[in-house]
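Asks: Have a look at this one.
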Amino acid sequence: MRLRFSVLVTFLYSATCTATLEPSHVDINVVSWLAGDWKGEAFGGIAEEIWSQPVGGTMMGMFRLIDKGKVAFSEFEEIVEQDNTLIFKVKHFTSAFVGWEEKEKSVDFKLVSSTGNEIRFEGLTLIKIDEETCKLVITLRDKATGKTKDVEILYRREKKI
């Protein structure tokens, strides 16, 4: 289990995308549809994400991966307007809430393009399929081999009870 997540850490730290378009100013509201609770399958477990409504040029999110009934790792996420574009920021934590990144660091994905229902960041794409379904595509790169692969998480919106 730890080996699998160590490999995942390597992949996540090396997330990359070759496109480098410079978009004009994009408002945080292009991803407002993401607000809410989402659940899907990923990395052999259950992925859950919760996103806030956009306020003050930012959206705040949380992610956790549940494997065999236990939290394997979690993330704090933020999509923020910065320098006339959007940045998707992630900080990872172990199941014991120990940070993977240095205190001042995060894994940042800069916006590449925003068209209709697809928001493409460097190494991470959000696709709105419909009001209840979205897909997250993460491009992962293995530092040792240089090979990349796309991991897709199909999320369904969770209903509040």
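The values are calculated or read from the model by the stated rules, or taken from the named source; none is laboratory data. Just so it is clear, the structure is predicted and the values come from calculations on it, not from any experiment. No Cβ is skipped: glycine too gets one built from the backbone with ideal geometry, and neighbour counts run over all protein chains shown. In case anyone asks, the SASA skips ligands and DNA or RNA and just uses the protein heavy atoms, side chains included. Shrake-Rupley method; radii C 1.70, N 1.55, O 1.52, S 1.80 Å.
Asks: Over 24 Å from Ile46 (Cβ atoms) and at pLDDT 95 or above, is that true of Leu111? Give the derivation first.
Replies: On the way: over 24 Å from Ile46 (Cβ atoms): yes; at pLDDT 95 or above: yes.
Criteria met by Leu111.
Asks: For the range 83-103, enumerate the residues that are more than 20 Å from Ala47 (Cβ to Cβ) and either of a type in the set (D, E, K, R) or in contact with a Lys or Arg (Cβ under 9 Å, 6 or more places away or on another chain) (or both).
Replies: Correct list: Asp83, Thr85, Leu86, Ile87, Glu102, Lys103.
Asks: What number of residues within the range 67-84 satisfy the criterion of being within 21 Å of Thr94 (Cβ to Cβ) and surrounded by 15 or more Cβ atoms within 10 Å (Cβ to Cβ)?
Replies: 9
Asks: Out of the range 98-122, which residues are assigned to a loop (DSSP other than H, G, I, E, B), over 14 Å from the mean Cα position of the chain (by Cα) and within 18 Å of Glu78 (Cβ to Cβ)?
Replies: Trp100, Glu101, Glu102, Lys103, Glu104, Lys105
Asks: Could you check how many residues of the range 123-135 are over 19 Å from Lys39 (Cα atoms) and part of a strand (DSSP E or B)?
Replies: So the answer is 0.
Asks: Just to be sure, is Lys110 touching a helix residue (DSSP H, G or I) at 6+ places or on another chain (Cβ under 9 Å), of a type in the set (D, E, K, R) and open to solvent by 30 Å² or more (accessible area, probe 1.4 Å)? Before the answer, list the steps.
Replies: Values: touching a helix residue (DSSP H, G or I) at 6+ places or on another chain (Cβ under 9 Å): no; of a type in the set (D, E, K, R): yes; open to solvent by 30 Å² or more (accessible area, probe 1.4 Å): yes.
Against the criterion (touching a helix residue (DSSP H, G or I) at 6+ places or on another chain (Cβ under 9 Å), of a type in the set (D, E, K, R) and open to solvent by 30 Å² or more (accessible area, probe 1.4 Å)), Lys110 does not qualify.
Asks: Okay, moving on. Kindly establish whether Thr139 is crowded, with 18+ Cβ neighbours inside 10 Å, outside any loop (DSSP other than H, G, I, E, B) and in contact (Cβ under 8 Å) with a residue 60 or more places away in the chain.
Replies: On the way: crowded, with 18+ Cβ neighbours inside 10 Å: yes; outside any loop (DSSP other than H, G, I, E, B): yes; in contact (Cβ under 8 Å) with a residue 60 or more places away in the chain: yes.
Considered against the rule, which asks whether it is crowded, with 18+ Cβ neighbours inside 10 Å, outside any loop (DSSP other than H, G, I, E, B) and in contact (Cβ under 8 Å) with a residue 60 or more places away in the chain, Thr139 comes out as yes.
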